[in-house]
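**Student:** Below is a structure I'd like to ask you about.
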Amino acid sequence: MLEKVRESDVSRAIIEGFTKDLLDHTSTDVVIVGSGPAGLTAAYYLSKEGIRTLIIERNIYAGGGFWQGGFLFPKTVVQSPGNEIIEELGVEMEEVKPGLYMADSFRIVSKLLSKTAEAGAKLLNSTYVDDVIYKDGRISGVVVNWFPITQMPKFITCMDPIALEAKVVIDATGHDAAISTRAREILGLESIDPGERRHGAMNVSEAEEAVVEHTGEIIPGLVICGMAVATIYRTPRMGPIFGGMLLSGRKAAETASAIVRKKVPVE
Ligand code: 48H
């Protein structure tokens, strides 16, 4: 026999639980925008360190492009030393060539998600970041709204967003580089059409090195990582390999942690 439950108790549990999480993060240490491989890896390392971390994802599910390898095939390939991050999660990888590793995408993503949740990070899904807070020369938070409202007819979309403050915002929005693009526009550095392709042609090894190298604090209070780096710095694309995304996410976590703890940022 299943426990008998009152409908209103189910509603109350959802409303109270969600409201508590949101209130806990109206002002937090780090907001990560985007839950692909780079953003999730950053969230995993930050929350493991006890840093209050909120991931914001416009999709209903977290994982971004990490649920598939190339050509919609769900096999994830990484090169060394990216495999060490995956193996640290407890997922064994097959070495397909010296230094090149492969495993089922859903094993990796589900492990990364569960370890990140267990470490204390919170996920605000179906929510998109529309703008940033910019004060005293720093990015100091994000402006958010429900993603479904972007799909509604224009005449009923006059719904104001809310703002969440953070000591550091991480742009992990992938190809869009949505947060860095907006921040650079505010500073008069860039004005581009949304969706414009900005990375270079494919060159796996150069692309992967460049993503990790340029990961860092791009504007005070804003750290960029993952594919967004290739978009902003116009470096080559790497195609369906994820070592650079993972190492970039880890470097973003180190950089954000240093800012939160007011240490010298990672070079
Ligand atoms: C809330 C947003 C917003 C917004 C976007 O695309 P991702 O998987 O990004 P990365 O950088 O972690 O990984 C990139 C990788 O998946 C990839 O595309 C590669 C390696 N390409 C190589 C190539 O040659 O093409 O995840 C980004 C996430 C997604 O889930 C978006 O839904 C989310 O960010 N997002 N969430 N507010 N404004 N913009």
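The values are calculated or read from the model by the stated rules, or taken from the named source; none is laboratory data. As the structure is a prediction and not an experimental result, all values here were calculated from the model. Note that each Cβ is placed from the backbone with ideal geometry, even for glycine, and that neighbours are counted across all protein chains shown. For accessibility, only protein heavy atoms count, side chains too; no ligands or nucleic acids. Shrake-Rupley method; radii C 1.70, N 1.55, O 1.52, S 1.80 Å.
**Student:** Can L89 be described as away from the ligand (no atom under 15 Å from the Cβ) and touching a Lys or Arg at 6+ places or on another chain (Cβ under 6 Å)?
**Tutor:** On the way: away from the ligand (no atom under 15 Å from the Cβ): yes; touching a Lys or Arg at 6+ places or on another chain (Cβ under 6 Å): yes.
The answer is yes for L89.
**Student:** Restricted to the range 215-242, and to residues that are free of Cβ contacts under 8 Å to residues at least 40 places away in the same chain and near the ligand (Cβ under 7 Å from one of its atoms), which residue is least open to solvent (accessible area, probe 1.4 Å)?
**Tutor:** M238
**Student:** Among the residues that make up the range 132-141, is at least one of them surrounded by fewer than 18 Cβ atoms within 10 Å (Cβ to Cβ) and within 14 Å of the ligand (Cβ to nearest atom)? Give the steps one after another, and end with the answer.
**Tutor:** Within the range 132-141, the subset surrounded by fewer than 18 Cβ atoms within 10 Å (Cβ to Cβ) is 133, 135-138.
Right, trim to within 14 Å of the ligand (Cβ to nearest atom) and you get none.
No.
**Student:** Now, a different point. In this structure, does L46 turn out to be within 16 Å of the ligand (Cβ to nearest atom), out of contact with any Leu (no Cβ under 8 Å at 6 or more places or on another chain) and at pLDDT 95 or above?
**Tutor:** Details: within 16 Å of the ligand (Cβ to nearest atom): yes; out of contact with any Leu (no Cβ under 8 Å at 6 or more places or on another chain): yes; at pLDDT 95 or above: yes.
Criteria met by L46.
**Student:** Can you pull out the strands (runs of 3 or more DSSP E) entirely within the range 162-267 that have at least 1 residues that are in contact with a strand residue (DSSP E or B) (Cβ under 7 Å, 6 or more places away or on another chain) and not hydrophobic (A, V, I, L, M, F, W, C)?
**Tutor:** Values: elements: 162-171, 200-202, 216-219, 222-224.
It comes to 162-171, 200-202, 216-219.
**Student:** Looking at the range 21-41 only, could you name the residues that are more than 9 Å from the ligand (Cβ to nearest atom) and in contact with a strand residue (DSSP E or B) (Cβ under 7 Å, 6 or more places away or on another chain)? Can you show your working first?
**Tutor:** Step one: filter the range 21-41 for residues more than 9 Å from the ligand (Cβ to nearest atom), giving 21-32.
Matches in the range 21-41: D21, H25, T26, S27, T28, D29, V30, V31, I32.
**Student:** Continuing with the same structure: Is it fair to say M245 is within 16 Å of the chain's Cα centre (by Cα), within 10 Å of the ligand (Cβ to nearest atom) and at pLDDT 95 or above?
**Tutor:** Numbers: within 16 Å of the chain's Cα centre (by Cα): yes; within 10 Å of the ligand (Cβ to nearest atom): yes; at pLDDT 95 or above: yes.
Considered against the rule, which asks whether it is within 16 Å of the chain's Cα centre (by Cα), within 10 Å of the ligand (Cβ to nearest atom) and at pLDDT 95 or above, M245 comes out as yes.
**Student:** Just give me the residues in the range 121-161 being at positive phi and assigned to a loop (DSSP other than H, G, I, E, B), in sequence order.
**Tutor:** S126, D136, G137, listed by residue number.
**Student:** Would it be correct to say that G82 is among the small types (G, A, S) and more than 11 Å from the ligand (Cβ to nearest atom)?
**Tutor:** Working: among the small types (G, A, S): yes; more than 11 Å from the ligand (Cβ to nearest atom): yes.
Criteria met by G82.
**Student:** Also, I was wondering about something else. Pick from F71, F106: which is open to solvent by 40 Å² or more (accessible area, probe 1.4 Å), more than 13 Å from the ligand (Cβ to nearest atom) and among the aromatic types (F, W, Y)?
**Tutor:** Working: F71 fails: more than 13 Å from the ligand (Cβ to nearest atom).
Within the list F71, F106, the selection yields F106.
**Student:** So if I check each of I51, I32, which one is buried (at least 21 other Cβ atoms within 10 Å of the Cβ) and in a strand (DSSP E or B)?
**Tutor:** Details: I51 fails: in a strand (DSSP E or B).
That would be I32, the only listed residue that is buried (at least 21 other Cβ atoms within 10 Å of the Cβ) and in a strand (DSSP E or B).
**Student:** Return the residues of the range 155-213 that are open to solvent by 70 Å² or more (accessible area, probe 1.4 Å) and in contact with a helix residue (DSSP H, G or I) (Cβ under 6 Å, 6 or more places away or on another chain); say none if nothing qualifies.
**Tutor:** Once the filter is applied, which keeps residues that are open to solvent by 70 Å² or more (accessible area, probe 1.4 Å) and in contact with a helix residue (DSSP H, G or I) (Cβ under 6 Å, 6 or more places away or on another chain), the range 155-213 yields M159, K167, H175, S191.
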